[in-house]
Amino acid sequence: MLEIGMKGKAQTTVTQQNTAKAFCSGALEVFATPAMLSLMEETCWKMIQPELGEGEGSVGTKVDITHDRASAIGHTITCEATLIEIDRRRLVFEVKCFDGDNIIGSGTHERFIIDNAKFMAKAQN
């Protein structure tokens, strides 16, 4: 059952593959903003997926985040997400990413619960 206050957590390590240079979002070999966003989305959907019905999933629809601190290759990045709003099929999460004890990025992420088959049928047209 989805409930306000649910929490989820996920981690990744900064590697050559998730740097700004690799994502073409910058020239430096530091954790890329798109990689941070991906970790935030992963944390949210993995947290709620076990609570959804058969054939249901969720899609990201809105993001409002800041990326405030660089993280070098080899660092471990942890994302923590909290479900802060439920409006029928719309879910809003507070997301924070940490490099050790330092917050490197934060904001909100919105997802919608969808029927997977109907969603994919629409995507094909």
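The values are calculated or read from the model by the stated rules, or taken from the named source; none is laboratory data. Note that the coordinates shown come from a computational prediction; the quantities given were computed from them, not determined experimentally. Counting neighbours? That spans all protein chains shown, and the Cβs are built from the backbone with ideal geometry, glycine included. Protein only, heavy atoms only, side chains kept; ligands, DNA and RNA dropped before computing areas. Shrake-Rupley method; radii C 1.70, N 1.55, O 1.52, S 1.80 Å.
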Across region 21-41, the tally of residues that are in contact (Cβ under 8 Å) with a residue 24 or more places away in the chain and not in a helix (DSSP H, G or I) stands at 4
Looking only at region 89-100, and only at residues there that are aliphatic (A, V, I, L, M) and farther than 14 Å from I114 by Cα, the one that is most open to solvent (accessible area, probe 1.4 Å): V92
Among the residues in region 42-56, are any assigned to a strand (DSSP E or B), closer than 30 Å to E29 by Cβ and of a type in the set (S, T, N, Q)? no
Does I48 qualify as being over 14 Å from G8 (Cβ atoms), open to solvent by less than 60 Å² (accessible area, probe 1.4 Å) and among the aliphatic types (A, V, I, L, M)? no
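Okay, residues lined up against (1) closer than 11 Å to H109 by Cβ; (2) buried (at least 19 other Cβ atoms within 10 Å of the Cβ); (3) more than 17 Å from the chain's Cα centre (by Cα):
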position: Q11; (1), (2), (3): no, no, no
position: T19; (1), (2), (3): no, yes, no
position: A35; (1), (2), (3): no, yes, no
position: C44; (1), (2), (3): yes, yes, no
position: V59; (1), (2), (3): no, no, no
position: D64; (1), (2), (3): yes, no, no
position: C79; (1), (2), (3): yes, yes, no
position: D87; (1), (2), (3): no, no, yes
List the residue pairs whose Cβ atoms are under 6 Å apart, where the first residue sits in region 57-68 and is within 21 Å of F31 (Cα to Cα), the second is β-branched (V, I, T) and open to solvent by less than 80 Å² (accessible area, probe 1.4 Å), and the two are 6 or more positions apart or on different chains. D64/T108; H67/T33
Given (1) surrounded by 13 or more Cβ atoms within 10 Å (Cβ to Cβ); (2) touching a residue at least 60 places away in the same chain (Cβ under 8 Å), A117 misses just (1)
So how many residues does region 37-67 have that are touching a Gly at 6+ places or on another chain (Cβ under 9 Å), under 15 Å from T19 (Cα atoms) and not hydrophobic (A, V, I, L, M, F, W, C)? 1
Number of the exception - I73 against (1) within 16 Å of L39 (Cβ to Cβ); (2) out of contact with any Asp or Glu (no Cβ under 8 Å at 6 or more places or on another chain); (3) open to solvent by 40 Å² or more (accessible area, probe 1.4 Å): (2)
